[in-house]
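K.L.:
To start, I am sharing the structure in question, which I have written as structure tokens.
The values are calculated or read from the model by the stated rules, or taken from the named source; none is laboratory data. Since the model is a prediction, treat every value here as computed from it, not as a measurement. Neighbour counts are summed over all protein chains in view; Cβ atoms, including those assigned to glycine, are modelled from backbone coordinates with ideal geometry.
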Amino acid sequence: MPKKPTSANRKKFLAKVREHLEEMKSKLLAEMSSAMRAEREGSKDEGMDTYDLASEERDREISFILSDRERNKISAIEDALERIDDGSYGVCEACGLEIGEERLEALPFTRLCRDCQQDQEREARTQRRPEDDRLAYRKLGSTENEEEGT
Ligand SMILES: [Zn+2]
């Protein structure tokens, strides 16, 4: 399938998305560093009694978990920025068509257009069927036992 050239409007839109993503990222980084700073200052105020060491340890664990989640968010943003760079951003991975701008504004990290997303959701539902069949089969097989019981 020949790749459709990116229209001027689309380029403008992608530039807007990039700006938005970079803003999100720098805001997130600023939040993270200010949270870390507050934490450091907080532990300084408390004083470093040996008795505080256990909770120090626990706090560090909590902040590690938090920053892990933040890191995931940042990597999702970086991933989207990379895809803007290589031209794959905003193109549906399943059908190759451009994803609608409204959808991208609402879901900036999506890789599927609305139709393909719906298709996948439908597929996920139909893929559950064989299991239902097995359940029905098992039920059918168990009627024998039920007959024996009565
Ligand atoms: Zn699609």
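K.L.:
So is E82 under 26 Å from E19 (Cβ atoms), at pLDDT 95 or above and within 10 Å of the ligand (Cβ to nearest atom) or not? Give the steps one after another, and end with the answer.
P.N.:
Numbers: under 26 Å from E19 (Cβ atoms): yes; at pLDDT 95 or above: yes; within 10 Å of the ligand (Cβ to nearest atom): no.
Taking the combined requirement at face value, the residue does not satisfy it.
K.L.:
Cβ-Cβ distance below 7 Å, separation of 6 or more or different chains: which pairs start in segment 83-94 with a residue that is at positive phi and end on one that is within 15 Å of the ligand (Cβ to nearest atom) and not polar (S, T, N, Q)?
P.N.:
Correct list of pairs: G90/E98; G90/I99; G90/L104.
K.L.:
Mind checking whether some residue in segment 141-148 is over 27 Å from T6 (Cβ atoms), surrounded by 10 or more Cβ atoms within 10 Å (Cβ to Cβ) and either among the charged types (D, E, K, R) or modelled with pLDDT under 90 (or both)?
P.N.:
Looking for residues that are over 27 Å from T6 (Cβ atoms), surrounded by 10 or more Cβ atoms within 10 Å (Cβ to Cβ) and either among the charged types (D, E, K, R) or modelled with pLDDT under 90 (or both), one finds at least one in segment 141-148, hence yes.
K.L.:
With the checklist (1) exposed (fewer than 15 other Cβ atoms within 10 Å of the Cβ); (2) modelled with pLDDT of 90 or more; (3) more than 16 Å from the ligand (Cβ to nearest atom); (4) outside any helix (DSSP H, G or I) in hand, flag the one item F109 doesn't pass.
P.N.:
If we test F109 against (1) exposed (fewer than 15 other Cβ atoms within 10 Å of the Cβ); (2) modelled with pLDDT of 90 or more; (3) more than 16 Å from the ligand (Cβ to nearest atom); (4) outside any helix (DSSP H, G or I), just (3) comes out false.
K.L.:
All but one of (1) hydrophobic (A, V, I, L, M, F, W, C); (2) farther than 13 Å from M24 by Cα; (3) without any contact (Cβ under 8 Å) to a residue 60 or more places away in the chain hold for F109; state the number of the condition that does not hold.
P.N.:
Unmet condition: (2).
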